[in-house]
Amino acid sequence: MILRQSLLWLSERRGIFNFVRRNGIARTFASRFVAGETVETGVQAAKELAQRDITASLDLLGESVTAEDEAVAARDLYLQILDRMAASGVEVNVSVKLTQMGLDVDEELCDANMVRILDKTKALGGFVRLDMEGSAYTQRTLDFYSTRLHEPYGAHCGVVIQSMLRRSERDVEDLIAMRARVRLCKGAYLEPPSVAFPEKADVDRSYVRLMQRLLAAGNYPGLATHDETIIGRAREFVGRERIGNERFEFQMLYGVRRDLQVRLRRAGHNVRVYIPFGTQWYPYLMRRLAERPANIAFLLGNVVRESIPGR
Ligand SMILES: Cc1cc2nc3c(=O)[nH]c(=O)nc-3n(C[C@H](O)[C@H](O)[C@H](O)COP(=O)(O)OP(=O)(O)OC[C@H]3O[C@@H](n4cnc5c(N)ncnc54)[C@H](O)[C@@H]3O)c2cc1C
């Protein structure tokens, strides 16, 4: 728990990132969870997954932009990603953070950036998921979605709900009533007990409850988890309730449980992999290490093995 908190704290330190980015070993660490630093590497990873009939959502790493030109640059990269995905014949699907589009700089700027991205996405028949950030952004993200994006973009845009948050049950009901498309995850941010369940068992129980509601009444939910027990519960539930495989998808992160991704696809489930890429990989990597500190040993082991000559 202390390790998790320390890693999440480190994930927010920009100065450390500047140091880490120049470090070769850290870059090798990152390559397990991040496709690369350029648009091409992201699209290439999506093409490789498509060969196994697994779809992707590309995420340009970066969050909490503080200047207009940074937000515009991120938007332009997303426009490029959409074109590159369409040109390569993979399903057009991206995940975007509103703070990266300038939410904290100026809401109108963020709106204009999202409209550009969504107009292109709609024209290409694709989909944009608004990633969910820390709890300070939950209400703002849901409001932004429901007042500005839901109506004009309908099935081309969706949101994320985190089962760790106490408020999520109510949010899920509102989103079901709107026929909104929801990705359900546990939540990756450090949150106070006033807003989030401090016990993992409660986060997991909440996940199962929300998952069942979304499977029964939601609009093509994305079940984002690597938790095999929960995935087993989902499979049992859809079997019992006669919910077809075309009504939902499983989602996992690039580099995490690749065996399970393939197994679920072979069993006939839709599977999507979230592929992060870009230069701003440090906070993302730290959140992945915080989720499973055993990854630190795993990554170190790989680096050591790969650096032994003759292997
Ligand atoms: C597609 C996708 C999109 C996401 N989008 C968001 C978002 O918008 N906002 C947000 O806050 N969070 C997001 N997350 C992260 C999520 O909230 C969790 O932090 C993360 O998925 C770990 O939780 P878990 O459900 O896998 O369960 P856990 O209980 O954390 O893990 C269950 C098991 O999965 C395996 N596992 C989990 N994580 C890792 C890892 N990093 N490396 C190796 N094995 C691992 C382990 O075997 C572990 O025992 C997303 C996750 C996915 C898969």
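All of the numbers you see were taken from the coordinates with simple rules; none came from a lab. These numbers were taken from a predicted model, which means no experiment stands behind them. Don't worry about glycine lacking a Cβ; one is built from the backbone with ideal geometry, like all the others, and counts go over all protein chains shown.
Can you name every residue in the stretch 130-153 that is farther than 17 Å from Asp104 by Cβ and among the aliphatic types (A, V, I, L, M)? The answer is Leu149, and nothing else. In the stretch 209-227 there is at least one residue that is within 14 Å of the ligand (Cβ to nearest atom) and farther than 26 Å from Lys47 by Cα. For residues that are among the charged types (D, E, K, R) and either touching a residue at least 40 places away in the same chain (Cβ under 8 Å) or loosely packed, with under 13 Cβ neighbours inside 10 Å (or both), scanning just the stretch 228-237, find the one that is farthest from the ligand (Cβ to nearest atom). Restricting to residues being among the charged types (D, E, K, R) and either touching a residue at least 40 places away in the same chain (Cβ under 8 Å) or loosely packed, with under 13 Cβ neighbours inside 10 Å (or both), the top hit is Glu236.
Filtering the stretch 110-136 to residues that are buried (at least 21 other Cβ atoms within 10 Å of the Cβ) and within 21 Å of Glu12 (Cα to Cα) leaves Leu130, Asp131, Met132, Glu133.
Based on this model, can you work out whether Asp171 counts as over 15 Å from the mean Cα position of the chain (by Cα) and within 11 Å of the ligand (Cβ to nearest atom)? Here the answer is no, as Asp171 does not meet what is asked.
Return the residues of the stretch 238-255 that are within 16 Å of the ligand (Cβ to nearest atom) and either among the acidic types (Asp, Glu) or assigned to a strand (DSSP E or B) (or both); say none if nothing qualifies. The answer is Glu249, Phe250, Gln251, Met252, Leu253.
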